[in-house]
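One structure is given here, and the rest of the page talks about it.
The values are calculated or read from the model by the stated rules, or taken from the named source; none is laboratory data. Predicted model, so just to flag it, every value in this text is computed and none were measured. All Cβ positions, even for glycine, are placed from backbone atoms using ideal geometry, and neighbour counts span all protein chains on display. The protein model used for the area step is the full one, side chains on, heavy atoms only, and it has no ligands, DNA or RNA in it. Shrake-Rupley method; radii C 1.70, N 1.55, O 1.52, S 1.80 Å.
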Amino acid sequence: MIKSPPRFRILLTQLIAAQACYYMIVSIDLTLTGLVGMSLASVPALMTLPLSLIVVIGTVCSFIAGHAAARFGYRPVMVAGALTVVVGGTVSAIAVASHSFSLFCVGTALTGGYRAVGGFLRFVASEYAPPTKRERALALVMYGGIIAAALGPFAAVVAAKAAEQPYLGSCILIAILGIVALVLAATMPPATGRDREAHNSAIRIRERIGNPTFQQAVLVLAGSGLVMTLVMASGPLANDHAGHGSAVGAAMIQWHLVGMFAPSALSALLRLFRIQSVDT
């Protein structure tokens with residue numbers, strides 16, 4: 001579906017802002033969840049459980065969100081995801097205020113549900129962008145991650161020190177960002193709502209499990225996710241044990257996010273160059 005350029009520019013601005021909110025929430029989780037778990041867990045072996053729940057629940061919910069988006073469209077799924085992070089941030093704040101590790105695990109699990117919908121922002125951009133500007137639109141949406149890299153980790157540290165109770169402000173900030181994401185999602189057009197794409201049958205994993213390309217993609221995704229999770233779970237904790245300040249830990253997460261998103265513009269340009277070369 002193609003919208004007029006002025007309308008699409010407004011939508012693109014919304015998508016970039018929503019992507020920035022999404023990855024700011026992710027960066028806050030990466031920067032402080034392990035540290036909060038360390039301060040609340042009664043057993044050291046459990047300190048990374050809250051962060052693990054974010055990853056596990058986000059992975060499980062991605063299957064649910066994908067099927068729901070195919071049936072109902074992206075907008076209601078993104079709204080539901082934003083609601084989970086608002087509730088998750090609020091529950092996490094209550095948990096920190098009451099020193100409840102189990103309640104904090106509930107809050108991070110709810111926050112993990114929001115992880116499943118962040119990728120839909122790119123799909124909305126792809127559907128509404130004019131065909132000649134689709135790759136550039138995808139790259140611009142990914143720039144929201146660079147905005148999050150610049151603001152998110154240090155916003156987490158500042159918010160953590162804003163309240164008398166350590167880390168309470170960071171959990172409240174997650175809920176506030178969730179509210180912003182909720183407003184942005186609710187005002188987006190109903191992409192893939194009731195048209196042909198909404199009625200396409202979902203891909204069944206059992207039908208693709210024997211495909212070597214599918215197997216390779218799953219292994220690459222699992223391996224990269226494992227490495228990233230190990231680095232991000234242990235990094236802030238190792239930084240704390242080494243006696244470095246929270247600003248150093250925030251910078252570590254910041255450069256991780258920059259490495260994730262800075263090449264997006266280059267990859268889009270390379271893809272566009274490849275398409276033009278094939279056409280000629």
(request) Take the solvent-accessible surface of the protein heavy atoms, probe 1.4 Å, and return the percent of it on segment 1-97 that carbon and sulfur atoms account for. (result) 74 percent
(message) Given a 1.4 Å probe and heavy atoms of the protein chains only, how would you sort SER170, SER102, largest accessible area at the top?
(response) SER102, SER170
(request) Would you rank VAL91, VAL220, VAL43, VAL36 by solvent-accessible area, highest first, keeping every protein chain in place and using a 1.4 Å probe? (result) VAL220, VAL43, VAL91, VAL36
(request) Let me know the shape class of segment 110-165, please: from the alpha-carbon gyration tensor, a ≥ b ≥ c as square roots of the eigenvalues, rounded when a/c is under 1.5, otherwise prolate if a/b is greater than b/c, or oblate. (result) oblate
(request) Along each of the three principal axes of the Cα atoms of segment 1-140, give the extent in whole Å, ordering the values from largest to smallest. (result) 56, 27, 22
(message) What does the net charge come to around ALA156 if you take all other residues with beta carbon closer than 15 Å to its beta carbon, with K and R at +1 and D and E at -1?
(response) -1
(message) Highest mean first, how do 130-140, 209-219 rank when packing is the count of other Cβ atoms within 10 Å averaged over residues?
(response) 130-140, 209-219
